[in-house]
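Peer 1: So that we are looking at the same thing, I have put the structure below in structure tokens.
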Amino acid sequence: MTSSTSAATAAPAVAGRRRPAWAVILITGLLLWLATVAVTFLTANANLVPTLVLLGSFLVPVTFVAWAYSHRDEVITVEALFRLFVVGGILGVLGASILESYLLHPSAWMFVGVGLIEEGVKLVALWLLTRHLAGKSVRSGVVLGATVGFGFAAFESAGYALNALITVDGLSLRALVETEILRGLLAPFGHGLWTAILGGLLFATASRAGRFRLTGALVLGYLGVSLLHALWDSMHGIAVYLVYALTSTARQQALFAQGWIPRPTDEQVHLFTLFSIGGTIVITLIALLWLRRVWRSGRHVS
């Protein structure tokens, strides 16, 4: 009797020490990715490239979807998340590719168009795939929106990784790895974050009516998220412009006027880094605070 009681009390304690699913996915996936990187560099086996690309591109997005799943409402199933991640992500990438190819041309406003198109297609994909979902709530919208956004980010990152791999000098594993590290670090603060905000705003329109509606708040939210997206993408150019406006010399301005790019000073390099990274951090903080407000608003909606 004593031994069975001890076993029964020990079981919950062991269960309580288990790592959450998202942590297991992150740790296991990271170790596998590092092992794949090492073996690929040692053997130069091109057959490992697909494994390297898929692991590196999907690890962080899948980890954050698993983390979001732990904060879900009961109506959200693993099947629904898988469908939104894969189907929603692919629909978003395909839709954005078609629209950007036909509608956008190089200009100062190109990134604004990219933000409007990419956030628009993700919102439409989320709308189509969840319109029959029962028990729509703001928090469900945040989780499902993040899932579509991270799916988009995963497939987009795989494309960027392959583009980095193929160079004029042949295959560059170093460029591929660097691209995946950079995009993996930025993934939590990009598409997943922006579409999570849109998901919460979309589901807020259906919390009482039971079906999605196009409201002024949703349109304004879409425009606001698209603006954050555009600023994020154009931060490099904005930083260059600010450095030029604040510190350029007469000689540098003359070279610019003739179509030459002058060599920047050390001060200008430091300022560029400050503006570029600082601007990205500010944009991210604004998005996080906005998401927090949307998430907390879910407490007051039945």
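Peer 1: If a residue has to be within 18 Å of the chain's Cα centre (by Cα), more than 27 Å from PRO262 (Cβ to Cβ) and surrounded by 18 or more Cβ atoms within 10 Å (Cβ to Cβ) to count, how many in the stretch 202-244 make the cut?
Peer 2: Matching residues across the stretch 202-244 total 9.
Peer 1: Is it the case, given these coordinates, that ALA153 is closer than 13 Å to PHE85 by Cα, surrounded by 16 or more Cβ atoms within 10 Å (Cβ to Cβ) and either among the small types (Gly, Ala, Ser) or free of Cβ contacts under 8 Å to residues at least 40 places away in the same chain (or both)?
Peer 2: Judged against the criteria, ALA153 is a match.
Peer 1: While we're here: Which condition from (1) at pLDDT below 90; (2) in contact with a His (Cβ under 6 Å, 6 or more places away or on another chain) is the one that GLY115 breaks?
Peer 2: Result: GLY115 passes all but (1).
Peer 1: Just checking, which of ALA196, ALA125 is under 15 Å from the mean Cα position of the chain (by Cα) and modelled with pLDDT of 90 or more?
Peer 2: Of ALA196, ALA125, the one residue that is under 15 Å from the mean Cα position of the chain (by Cα) and modelled with pLDDT of 90 or more is ALA196.
Peer 1: Of the conditions (1) under 25 Å from LEU220 (Cβ atoms); (2) open to solvent by less than 60 Å² (accessible area, probe 1.4 Å), ALA164 fails just one. Which one is it?
Peer 2: Failing condition for ALA164: (1).
Peer 1: Of everything in the stretch 42-61, what is farther than 15 Å from ILE181 by Cα and out of contact with any Ser or Thr (no Cβ under 8 Å at 6 or more places or on another chain)? Give them in sequence order.
Peer 2: LEU42, THR43, ALA44, ASN45, ALA46, ASN47, PRO50
Peer 1: Continuing with this model, one more query. Can you tell me which residue is farthest from PRO188 (Cα to Cα) among those in the stretch 254-281 that are open to solvent by 80 Å² or more (accessible area, probe 1.4 Å) and assigned to a helix (DSSP H, G or I)?
Peer 2: Result: ALA257.
Peer 1: Go through the stretch 208-242 and give me each residue that's touching a Ser or Thr at 6+ places or on another chain (Cβ under 6 Å) and either outside any helix (DSSP H, G or I) or under 17 Å from PRO61 (Cβ atoms) (or both).
Peer 2: Correct list: PHE212, ARG213, THR215.
Peer 1: Could you check how many residues of the stretch 37-66 are over 22 Å from VAL86 (Cβ atoms), touching a residue at least 12 places away in the same chain (Cβ under 8 Å) and surrounded by 13 or more Cβ atoms within 10 Å (Cβ to Cβ)?
Peer 2: 4
The rows are residues; the columns are (1) without any contact (Cβ under 8 Å) to a residue 24 or more places away in the chain; (2) over 25 Å from ILE27 (Cβ atoms); (3) open to solvent by 70 Å² or more (accessible area, probe 1.4 Å).
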{"position": "GLY95", "(1), (2), (3)": "no, yes, no"}
{"position": "SER101", "(1), (2), (3)": "yes, yes, yes"}
{"position": "MET110", "(1), (2), (3)": "yes, yes, no"}
{"position": "VAL121", "(1), (2), (3)": "no, yes, no"}
{"position": "ALA146", "(1), (2), (3)": "no, no, no"}
{"position": "GLY170", "(1), (2), (3)": "yes, yes, no"}
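Peer 1: Need the failing condition index for THR249 against (1) at pLDDT below 95; (2) surrounded by 14 or more Cβ atoms within 10 Å (Cβ to Cβ); (3) among the β-branched types (Val, Ile, Thr), just the number.
Peer 2: Unmet condition: (2).
Peer 1: So which residues in the stretch 74-93 are in contact with a helix residue (DSSP H, G or I) (Cβ under 7 Å, 6 or more places away or on another chain) and open to solvent by less than 50 Å² (accessible area, probe 1.4 Å)? I'd like the intermediate steps shown before the answer.
Peer 2: Here is the first cut: in the stretch 74-93, the residues in contact with a helix residue (DSSP H, G or I) (Cβ under 7 Å, 6 or more places away or on another chain) are 75-76, 81, 83-93.
ILE76, LEU81, LEU84, PHE85, VAL86, GLY88, GLY89, GLY92, VAL93, listed by residue number.
The values are calculated or read from the model by the stated rules, or taken from the named source; none is laboratory data. Computed from a prediction, not measured in an experiment: that's the story for all the values here. A quick note on method: Cβ atoms are made from the backbone with ideal geometry, for glycine too, and the neighbour counts reach across all protein chains shown. Note: accessible area is taken over every heavy atom of the protein model, side chains too, but ligands, DNA and RNA are not part of it. Shrake-Rupley method; radii C 1.70, N 1.55, O 1.52, S 1.80 Å.
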